[in-house]
Structure formats: C-alpha cells, structure tokens
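The values are calculated or read from the model by the stated rules, or taken from the named source; none is laboratory data. Not measured: the values here are computed from a predicted model. Glycine gets a Cβ as well: all are built from the backbone with ideal geometry, and neighbour counts include every protein chain shown.
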Amino acid sequence: MSGWLYEQDLMVQKYHILIATRHDRILRTIASDVGIGVQELRKTLIERLDMILLENLPARYEAAIAADQKGDDLVALALGRYIFSTGIPLVRESRMDEILRTTKERLDRGTPRPEAIAAGKALIREAILQ
Amino acid sequence: MKRTVDVNIPLGPVHPCFKEPVRLKCETRGERVIGVEVELGYMKKGIERIMKGRPWQEVMFLAERVCGICSVIHNMVFIEAIERISGIDVPKRAAFLRVIANELDRMQSHLLANFSYCYTIEHETLAMYLLDVRELVMDELERLTGARVTCAYIIPGGVRCDIRAEDQATLRISLDRIESDLHRYAKMFETGPMIALRSKGIGILTQESARRSHAVGPTARGSGINVDMRTLHPTYQQLGFVPVVRKDCDNHARIMVRFDELFASIRIIRQCLDTLQKGIIRGGGICKAGEIRYSGEAPRGELTYTIKTDEFGRITDIQIQTPSIMNIEACCHEMIVGVDSIADVTSTFVSADPCIACTER
Amino acid sequence: MSILQNVKDLVRSRSIHVSYVDVGSCNGCDIEVLACLAPRYDIEQYGIYVHNNPREADVLLVVGAFTPGWEEKLKGLWNKIPEPKAAIAIGNCPISGCVFDRRGSYVDPPVAKHIPIAAEVPGCPPRPTEILQAILSIRDSVFAEWEVKRK
C-alpha cells in the first residue's frame, strides 16, 4: 500500500481565491501601485504564499495600511512598508528596511520627493519579482 | 521560500480530529513545528459567484448556507446590510427577538467549539457534557425559530415569527438549567490539572501578532485585544454590552473566553426577555439600490459583508469576509509555529474554532 | 445458512464503524452528524462508533456537494474502506447539489457519479434521528449474509 505522498497542483484553486471581488480589487491596487502586471502579480502571489494567506489578503492589507498610517514616517507610508513586508509578505523585512534607508538618503541628498518615491517603488518591484 | 526541514508531516484532509477537510503540512525540526502550510480547496463552492445577479429573496438563503454552524448571524448581517441600504426600520420587539436568536446561536456554536477542543485533547467526559447542553440550546432555538439549523428567522423589517408567553417561560427555565450546568463544566475546565497540562502555555498568540494577522473574535479576545462588533450594534448598546477579554494568549484562555461569553449570552437573553415590549414583529419597506460595507459579530469574530444592490433589490456585487479566514491564518502562521509537538498541532488548531466552510465559501 | 454466518451477522449488526467525509457542504449537516454523538441521541447504544478513520470504517457518511478538491481523493478514500462497506449521502447536497448547484459555482453533484451510494437522507439539514435511522436501516441489507451474497 506504500506509494508517494500525493500532492495536488493547487494553481487553479489559488487562482479561484484571487479572482474574488475584494481580492481582485486589492490585487489591482497593488499592481498599479508598484507597476507590475496583474497576471504577473497573481503568479508571484500564487507561487510564494499559501492558500490561507491568499484568502486573508484583504484583511491583512487593511491591517498593514492601518499600521502604516499609525507611524509618522511619511516615506514608509508612501512606499507601503508594512503592506509589502508584514501585511503581504513578499519582501523580506531586512530588504524593506534597506529600501527605506536608500529612499531616505536620496531625499536627504536633495532628490525631489516623487522621484525618490518612484525609485523606491522600483526597488520594491525588483524585490517582489526576484 | 523553500526551507530544509526534518520531516514534513501532512495532517488531513480526513483526520479524526478535524470536523472539516483541511490539510496542514507541518514542517518539523525534531518534534518542534517550525512552519505550517495550509492547503484548502476542499470546500470551495463559489457561493459569492452564485449570489451575483440574484434577488435578495434568494441570496438571503444562500447567505445562511455560507456556514451551517453560525447561520443566524450570516442571515442577520446580510439582512441588516440590506436594511441599512434601503433605510428600513425594525420594530423594537423584532430587534430584541433578533438578539435572542443570535445569542442562542452563539451559545450553540461556542458549546460546539469547546466540545471539539475537549474531544481533541481526549477529555471525552467534558466533551459529552457540553454536547448535551448544546442540545438544550438547540431545542430553544428550534422552539423560537422553527428549525435547528438554517432557520431563516430574520427577514427585512423584522423577524419571521413571534415568541409566545409560554415559550418565554420555557426559555427562562432552560436558561437556568444551562447556566447551573455550565458553571460546573466551566469550573471543571478552569481548574482541571490535566486539562491545564494540555492547554496552558500552548499555542501562544501574542497581541502584536494577533493584530498583524487581523485576528478577530474569541481568538483576539483571548490575546487581550478588546474587539467586539457587538459594541457597535444599536440593540446591544441599549443592553449595555461589555466584551469579555482575557490576557493569557494561550489555548486555555481562548476556551475560557468562550465559556465566559456563554454566561454573557445567557445574561443578554434574560435582559432581552425582561425588556421585550408588546408590538408588531415585522414592519415594511422596499429594498433599494446602494452599496454598503456592514459588519457584525459572529461567534468566531467580525463578519463583514460588502454588498452592492440595484434598484430591483438584486445583488450585483458581494464579498463576504468571514472571521475564520483571519483566525485560521493567525492560528496556522503564528500559534502553531513553535509548539512543542505534533500532538499539540490539532488541539491548537481546534482552539481557534476553525470553520472551513466559512473560510472557503 | 450456517451457524457461523449467524454469529457473524449478529456481531456485525451491533458493531458498525462510521467515518464521515465532508466534500463541500455548509457544515449544517456536519454538525447534525456530530449531534448524533450527543448523549440525547447516543449513537453508541446501537453499536455504532464514529471513528472518522476510513481504514476501519464500515459506513461512510458523505456530506456536501462535491468540490473539485475531492476529484481524485474521494475515490481513493472509498477504496481504503474494507469490504463490506456502504456509503450514505447525508443532506440534499450530495443528492442534488441543493442551493449550490447553480451556474457559476464550482461544485459537481451528485456524489453518486463518483462513488456508489447505498442510501440517501434528504433534508437541509436532516435531523440527527433521521441520520441514525438511515444507518440502522442500511445495516441489515448491506452487512447481513455478506459472505453468502458475495458468492
């Protein structure tokens, strides 16, 4: 009766979770926020998160936004620090801190704010897709 | 995120301890659990997809069948969301009857949750005691609403049927009996040394991690977070409701929160019966177009319906956020991680009162 | 019929091991199956034990409207149950899909398409007594004289 442990391909099931109304809305917000294609972001999420995390995406997203707004760090709020590191764990926290530091240094050097934030977002995009 | 682990132990989907199919893949190092991956997909029915485009008369029954254990609150939140969209008022008597039905439902759900926990830690005596008390509650629920499960008691503008004077008397007698029994069982659980060995200090969910994963309901209240949607509900505000909070953060605290809430529910029902006024139980109104996000407190925590209706009372867009989603997430990624043995995985999982049917809808 | 067969029948009629599997219901039928364990209905007085372990079960209670996750697993589960065995569909869902069998949903009822069903208990959800009665009524027709019928 021995055989290999059966593992199901969960791609379709996970996709079903992500196309629910609220999940889809949040996914599109995130995708346009960091400039990743929707399908590409879906693929990344499916590969890297397990099913209950995907189901919990809207609640975690809201909790992370609340955490971001509670702190008085405007750069972190603009970059969505908690959203991508703890809320939706796509970027390691150490890497996120690094990105935050680089962005702040750029601002200190006199780079205009929108430009520095855009550069920070590009770094986050890179970290998500790697 | 691949990691090297000693053994990967899958539990489920059919498991003697789990009432519903879910697969937990526990990554272990020695006996210690270092991570859990949850595999769902055994209960995905796509209820929200069926609901879209249907009139509220049909969606009402579908909403009830999101979860059979806490069907009254699903009914209540959906109907109250529709009422808020359309501006329909509820008669006083009906509002209190709703609370009675809701609290009876909460009682049976909490009793079932505590039964499951006691059954999982193999304290079958206490489990059977609790299941026996649950039957008494189910009787009262049936006498009030006409059905044990999925009773569709709450309808827009009121409730379906009234409570008779003799039923009120029986309800009071039953409540007295339930309360005296429960006092004994709660004390058994709280002071039992063997139970404490299996529950105290196991499955720690700190306040911070509970906030991060957005834990709700008894799971959050067992970790010292004072969150209860009932404090925002007008009828409960009239009754002067105060949430139950414990600060121990472990399995024992979560179960004791449920025991305490059972007594709170009994008090609320008594208060409702005392203040019940004579009057109509159903008003009228027309369901209108609109969009709303409305939350209520289910036995497991905050339940949120995001509804959009059109002018004919059809549901054009709906999203249900059930409490189990957040609680199972908190349970699997925070509580279970770090428990000392695989034997504690099942009991910790059950202590969060997981409901897979809610989670996947 | 031999004496041995009589003994076997007698023993089997008082020892039925039940396993239940939820293939995508709303939990309503689940808890009604669970309520059978309660001292009020006391399923064990009839010699029925709820183990929830398919490998030692005689009767499989199927609850729910068959979701895609079970596509390959239910058959395997059914094969793990030793003979003689029977499956009972509890509730409307495994029979017709109940409210879930609509356009756009993921379910694929009836369960009878996937495994042989010996008895059906309709209701949304059925009462615990009805579930109990179904298990008891299937007992004689499936398990009595099984060795004789097999030949």
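Just name the residue that is modelled with the lowest pLDDT out of those in the stretch A:84-102 that are away from chain B (no Cβ under 11 Å) and part of a loop (DSSP other than H, G, I, E, B).
Going residue by residue through the stretch A:84-102, those that are away from chain B (no Cβ under 11 Å) are A:84, A:88, A:91, A:93-102.
Narrowing further to those that are part of a loop (DSSP other than H, G, I, E, B): A:88, A:91.
Values: A:Ile88: 80, A:Val91: 77.
The residue in question is A:Val91.
Of the residues that sit in the stretch C:28-38 and are facing chain B (nearest Cβ under 9 Å) and more than 20 Å from C:Pro110 (Cβ to Cβ), which one is surrounded by the most Cβ atoms within 10 Å (Cβ to Cβ)?
In this case the residue turns out to be C:Ala35.
Which number in (1) surrounded by 22 or more Cβ atoms within 10 Å (Cβ to Cβ); (2) closer than 27 Å to B:Tyr119 by Cβ marks the one condition that B:Asp260 misses?
It fails just one condition, (1).
Read through the list (1) in a loop (DSSP other than H, G, I, E, B); (2) touching a helix residue (DSSP H, G or I) at 6+ places or on another chain (Cβ under 8 Å), then give the number of the only condition that B:Gly284 fails.
(2)
Would you mind stating whether A:Glu47 is at pLDDT 75 or above, away from chain B (no Cβ under 14 Å) and more than 15 Å from A:Ile26 (Cα to Cα)? Reasoning before the result, please.
Values: at pLDDT 75 or above: yes; away from chain B (no Cβ under 14 Å): no; more than 15 Å from A:Ile26 (Cα to Cα): yes.
No.
Go over the candidates C:Ala65, C:Ala134, C:Ala89 one by one and state the one that is more than 14 Å from chain B (Cβ to nearest Cβ), in contact (Cβ under 8 Å) with a residue 40 or more places away in the chain and of a type in the set (A, V, I, L, M).
Checking each option against the conditions leaves just C:Ala134.
Among the residues that make up the stretch B:331-341, is at least one of them away from chain A (no Cβ under 14 Å) and either of a type in the set (A, V, I, L, M, F, W, C) or closer than 23 Å to A:His16 by Cβ (or both)? Reasoning before the result, please.
Initial filter on the stretch B:331-341 (away from chain A (no Cβ under 14 Å)): B:338-341.
So of that shortlist, the ones also either of a type in the set (A, V, I, L, M, F, W, C) or closer than 23 Å to A:His16 by Cβ (or both) come out as B:339.
Within the stretch B:331-341 (the criterion being away from chain A (no Cβ under 14 Å) and either of a type in the set (A, V, I, L, M, F, W, C) or closer than 23 Å to A:His16 by Cβ (or both)), the answer is yes, since at least one residue qualifies.
Could you please find all residues in the stretch C:97-110 being at negative phi and within 14 Å of another protein chain (Cβ to nearest Cβ)?
Once the filter is applied, which keeps residues that are at negative phi and within 14 Å of another protein chain (Cβ to nearest Cβ), the stretch C:97-110 yields C:Val99, C:Phe100, C:Asp101, C:Arg102, C:Arg103, C:Ser105, C:Tyr106, C:Val107, C:Asp108, C:Pro109.
Quick check: is even one residue across the stretch B:287-304 in contact (Cβ under 8 Å) with a residue 60 or more places away in the chain, of a type in the set (Ser, Thr, Tyr), in contact with an Asp or Glu (Cβ under 7 Å, 6 or more places away or on another chain) and on the phi < 0 side of the Ramachandran plot?
Yes.
Yes/no per residue for (1) in contact (Cβ under 8 Å) with a residue 60 or more places away in the chain; (2) touching a Phe, Trp or Tyr at 6+ places or on another chain (Cβ under 7 Å):
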residue	(1), (2)
B:Val216	yes, no
B:Gly222	no, no
B:Cys249	no, no
B:Arg254	yes, no
B:Leu262	yes, no
B:Leu276	yes, yes
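Taking the criterion of being within 15 Å of the chain's Cα centre (by Cα), within 14 Å of chain B (Cβ to nearest Cβ) and not acidic (Asp, Glu), would at least one residue in the stretch C:140-149 satisfy it?
no
So which residues in the stretch C:39-57 are touching a helix residue (DSSP H, G or I) at 6+ places or on another chain (Cβ under 7 Å), more than 9 Å from chain B (Cβ to nearest Cβ) and farther than 27 Å from B:Met138 by Cβ, if there are any at all?
Taking the stretch C:39-57 and keeping what is touching a helix residue (DSSP H, G or I) at 6+ places or on another chain (Cβ under 7 Å), we get C:39-41, C:43, C:46, C:48, C:50, C:54-55.
Within this subset, residues satisfying the condition of being more than 9 Å from chain B (Cβ to nearest Cβ) are C:43, C:46, C:48, C:50, C:55.
Passing the criteria: only C:Arg55.
Has the stretch A:57-68 got at least one residue that is at the interface with chain B (Cβ under 9 Å from one of its Cβ atoms), in contact with a helix residue (DSSP H, G or I) (Cβ under 6 Å, 6 or more places away or on another chain), hydrophobic (A, V, I, L, M, F, W, C) and under 27 Å from B:Pro13 (Cα atoms)?
Yes, some residue in the stretch A:57-68 is at the interface with chain B (Cβ under 9 Å from one of its Cβ atoms), in contact with a helix residue (DSSP H, G or I) (Cβ under 6 Å, 6 or more places away or on another chain), hydrophobic (A, V, I, L, M, F, W, C) and under 27 Å from B:Pro13 (Cα atoms).
Wholly within the stretch B:1-101, which helices (runs of 4 or more DSSP H) include no fewer than the required count, namely at least 2 residues that are of a type outside the set (A, V, I, L, M), away from every other protein chain (no Cβ under 11 Å) and under 21 Å from B:Ala152 (Cβ atoms)?
Filter on the stretch B:1-101 gives B:56-64, B:71-86.
Which of the residues spanning the stretch A:20-44 are more than 9 Å from chain B (Cβ to nearest Cβ), at negative phi and assigned to a loop (DSSP other than H, G, I, E, B)?
Correct list: A:Ile36, A:Gly37.
Residues are listed down the side, and each one gets a yes or a no for (1) over 17 Å from the mean Cα position of the chain (by Cα); (2) at pLDDT 85 or above:
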residue: C:Leu37; (1), (2): no, yes
residue: C:Tyr41; (1), (2): yes, yes
residue: C:Asn52; (1), (2): no, no
residue: C:Thr67; (1), (2): yes, yes
residue: C:Glu72; (1), (2): yes, no
residue: C:Pro94; (1), (2): no, yes
residue: C:Gly104; (1), (2): yes, no
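Among (1) away from every other protein chain (no Cβ under 14 Å); (2) in contact with a Lys or Arg (Cβ under 8 Å, 6 or more places away or on another chain); (3) of a type in the set (Phe, Trp, Tyr), where does B:Phe312 come up short?
(2)
When you scan the stretch A:39-52, do you find a residue that is farther than 28 Å from B:Met326 by Cα and without any contact (Cβ under 8 Å) to a residue 60 or more places away in the chain, even just one?
Within the stretch A:39-52, not a single residue is farther than 28 Å from B:Met326 by Cα and without any contact (Cβ under 8 Å) to a residue 60 or more places away in the chain.
When you go through (1) surrounded by fewer than 21 Cβ atoms within 10 Å (Cβ to Cβ); (2) acidic (Asp, Glu); (3) touching a helix residue (DSSP H, G or I) at 6+ places or on another chain (Cβ under 9 Å) one by one for A:Asp108, which number turns out not to apply?
(3)
Every residue in the stretch B:287-304 that is part of a strand (DSSP E or B) and surrounded by 15 or more Cβ atoms within 10 Å (Cβ to Cβ), please.
B:Gly290, B:Ile292, B:Tyr294, B:Ser295, B:Gly296, B:Glu297, B:Ala298, B:Gly301, B:Glu302, B:Leu303, B:Thr304
Does B:Glu39 satisfy being surrounded by 18 or more Cβ atoms within 10 Å (Cβ to Cβ) and at pLDDT below 85?
yes
Are there any pairs, at least 6 apart or on different chains, whose C-beta atoms fall under 8 Å, with the first in the stretch B:158-173 and closer than 20 Å to B:Lys92 by Cα and the second outside any loop (DSSP other than H, G, I, E, B) and hydroxyl-bearing (Ser, Thr, Tyr), and if so, which?
Final answer for the pair search is B:Arg160/B:Thr145; B:Cys161/B:Thr145.
Out of the residues in the stretch B:123-181 meeting the condition of being within 14 Å of chain C (Cβ to nearest Cβ) and outside any helix (DSSP H, G or I), tell me which one is surrounded by the fewest Cβ atoms within 10 Å (Cβ to Cβ).
Filtering the stretch B:123-181 for residues that are within 14 Å of chain C (Cβ to nearest Cβ) and outside any helix (DSSP H, G or I), the one surrounded by the fewest Cβ atoms within 10 Å (Cβ to Cβ) comes out as B:Gly146.
Would you check which residues across the stretch A:68-83 are of a type in the set (D, E, K, R) and either more than 22 Å from A:Leu54 (Cβ to Cβ) or not in a helix (DSSP H, G or I) (or both) and list them? Spell out how you get there, then give the answer.
Narrowing the stretch A:68-83 to residues of a type in the set (D, E, K, R): A:68, A:70, A:72-73, A:81.
Hits for the stretch A:68-83 are A:Lys70, A:Asp72, A:Asp73.
With the checklist (1) more than 12 Å from every other protein chain (Cβ to nearest Cβ); (2) among the aliphatic types (A, V, I, L, M); (3) surrounded by 14 or more Cβ atoms within 10 Å (Cβ to Cβ) in hand, flag the one item C:Ile3 doesn't pass.
Condition not satisfied by C:Ile3: (3).
Conditions tested, residue by residue: (1) assigned to a strand (DSSP E or B); (2) surrounded by fewer than 18 Cβ atoms within 10 Å (Cβ to Cβ); (3) more than 25 Å from the chain's Cα centre (by Cα).
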position	(1), (2), (3)
B:Asp274	no, yes, yes
B:Thr306	yes, no, no
B:Thr316	yes, yes, yes
B:Ile320	yes, no, no
B:Ile325	no, no, no
B:Glu329	no, no, no
B:Cys332	no, no, no
B:Val350	no, no, no
B:Asp353	no, no, no
